[in-house]
Amino acid sequence: MRIATWNINSVRMRMDLLLRLIDEAQPDVICLQETKVVDTDFPMAPLAGKGYVHAHIHGMKSYNGVAILSKLPFASRDVQHWCGKQDCRHVFAELPGGIELHSVYIPAGGDIPDPEQNDKFAHKLQFVDEMTEWWTTRRSPDRRMVMVGDLNIAPLENDVWSHKELLKIVSHTPVEVAKLTAMQASIGWVDALRHFVPPTEKLYTWWSYRAKDWAASDRGRRLDHIWVTPPLKDALTGHRVLREARGWEPKPSDHVPVMVDLDV
């Protein structure tokens, strides 16, 4: 089973790029974040034509939005809300083999890394705290689960282009890293990308639109993640970060697709 995740930054604007991903990588399941479209306007027809006839979408106009698109049927599906909001950031579904797949979009958190000065940053920290508690109280580490998405936190030193320079930049601050690390530890999540790429190596999934030449400057961050619970660790057989997609035309997303293969 090949699972891909991508913050596509508007599924309607980048449908041609999504179809390119499908043709080049042939994932069985695709999770999207920032779809930016209400459910009734989600462009399913071209995706169904490619075999993705099973869809769990949860979107809103212009902001956020998550989806799971699958060639495989769902045994069940659900939506989870956080922080007293219904802002379309978390869907999950059960795939064949009893695998529960979560597509998540954690808030970016604004620019000021102080929850007292910045409500967006406070929202982000609360979001991660609530998720951490949910995993420990509602799910077991023995359950076969995969969580993917734009978690908007780069936890390791080599998940950013400069650990020293980004310590005070939202996405790599110590408080964010501590909270994401606690969530990972909550039920023993395995960081699937770092299962293949050692922490001593640089690994990015996002490059800012602000860079004139993103490839040359290479000031990236690893904001997009795939985690699996312990029962699926030995099923991991491969991974891929489609760095080249950052340069796909027209109008690439600032995130690139990330994939894992599972022998299930």
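The values are calculated or read from the model by the stated rules, or taken from the named source; none is laboratory data. Keep in mind that this is a model prediction, so the values were computed, not measured. All Cβ positions, glycine included, derive from the backbone under ideal geometry; neighbour counts span all protein chains shown. These accessible areas exclude ligands, DNA and RNA; they are computed on the full protein's heavy atoms, side chains included. Shrake-Rupley method; radii C 1.70, N 1.55, O 1.52, S 1.80 Å.
General observations
- Label-point separation, Ala45 to Trp161 (7 Å along Cα→Cβ), nm: 4.1 nm
- Solvent-accessible area of Glu165 with every protein chain in place, 1.4 Å probe, in Å² to the nearest 10: 120 Å²
- Taking the chain as a Gaussian network of alpha-carbon nodes connected by springs under 10 Å, the highest mean-square fluctuation of the residues Ile112, Ile22, Ile153 belongs to Ile112.
- Theoretical ellipticity at 222 nm over the chain - DSSP helices of four or more residues, -39500 (n - 2.57) apiece, nearest 500: -6500 deg cm²/dmol
- In this structure, the amide hydrogen of Gly149, modeled 1.01 Å from its nitrogen in the peptide plane, lies closer than 5 angstrom to those of Val104, His225, counting only residues at least 5 positions away or on a different chain.
- Bins of 10 Å, starting at 0 and running to the largest distance - Cα pair percent for segment 196-264: 18, 45, 26, 10, 1
- Whole-number accessible area per residue in Å² for the chain, which is evaluated in the context of all protein chains at 1.4 Å: 43 Å²
- This model, with +1 at the C-beta of Lys and Arg and -1 at the C-beta of Asp and Glu, gives the chain a dipole about its Cα centre of some 280 debye.
- Fraction in percent of alpha-carbon pairs per bin - 10 Å, the chain: 7, 32, 40, 20, 2
- Estimated FRET transfer efficiency (Glu24, Asp78; beta-carbon r; R0 22 Å; 0.05): 0.10
- In this entry, segment 155-230 is assigned a mean projected area of 5.3 nm², taken as a quarter of its C-alpha convex hull surface.
- Over all pairs of different C-alpha atoms, segment 141-193 has a mean inverse distance whose reciprocal, the Kirkwood radius, equals 12.1 Å.
- Relative contact order (percent, whole number), segment 2-58, Cα cutoff 8 Å, 6+ residue spacing: 43 percent
- Among Arg144, Arg210, the order of accessible area from largest down is Arg210, Arg144, computed with a 1.4 Å probe on protein heavy atoms.
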